[in-house]
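The values are calculated or read from the model by the stated rules, or taken from the named source; none is laboratory data. Keep in mind it's a predicted model, so treat the numbers as computed, not measured. All Cβ positions, even for glycine, are placed from backbone atoms using ideal geometry, and neighbour counts span all protein chains on display.
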Amino acid sequence: MNGKILGVDPGDKRIGLAVSDPTQTIANPLMVINHVARTIDAAQIAQIAVDHDVVRIIVGCPYDIDGQSGPQARKSERLAEAIRSQSDLPVELWDESGSTQEARAARISMGVKKSKRAGHLDDLAATVILQSYLNSKYV
């Protein structure tokens, strides 16, 4: 099934968003929204999905080394449930372990100067999560 997919990297302060191309091959950073409250965040994410003609939403969920849900994973699970309550789109959880570190490494490999690497990586982390999901569909 073709159509854009929205990737979500939930955080305590900010939520990174990424979107795929319509063929679900390439993930691109979309935006960062500030965390307000779960229901408000979910409504905003659901509206962004509509605005970008998305057919599925992937929420990053950081499982521990044994695949268990820790406190951050439970926050992701609650956000995914809140999005489901505000949208008819399918919402899936996807293991995001290491996505921020991968985003940081990507900035370094792109030659971004250390002084410019400061700041949030939320949209890039969402891109890493979404690309991982997309890649898994073509293995």
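Looking only at region 22-45, count how many residues are within 20 Å of Glu96 (Cα to Cα) and not basic (Lys, Arg).
The qualifying residues number 15.
Looking at region 95-111, can you tell me whether even one residue there is of a type outside the set (Gly, Ala, Ser) and either at pLDDT 60 or above or touching a Ser or Thr at 6+ places or on another chain (Cβ under 8 Å) (or both)?
Yes: one or more hits.
Select from region 25-61 the residues that are buried (at least 16 other Cβ atoms within 10 Å of the Cβ) and free of Cβ contacts under 8 Å to residues at least 24 places away in the same chain and write down the one among them that is farthest from Ala126 (Cα to Cα).
Gln44
Could you grab me the full set of residues in region 40-83 that are over 18 Å from Leu130 (Cα atoms) and among the basic types (Lys, Arg)?
Arg74, Lys75, Arg78
Output the residue which, of all residues in region 84-94 that are over 20 Å from Asp66 (Cα atoms) and either more than 13 Å from the chain's Cα centre (by Cα) or modelled with pLDDT under 95 (or both), is surrounded by the fewest Cβ atoms within 10 Å (Cβ to Cβ).
Across region 84-94, the extreme among qualifying residues is Asp88.
How about region 11-22: which of its residues are assigned to a loop (DSSP other than H, G, I, E, B) and modelled with pLDDT of 95 or more?
Once the filter is applied, which keeps residues that are assigned to a loop (DSSP other than H, G, I, E, B) and modelled with pLDDT of 95 or more, region 11-22 yields Asp21, Pro22.
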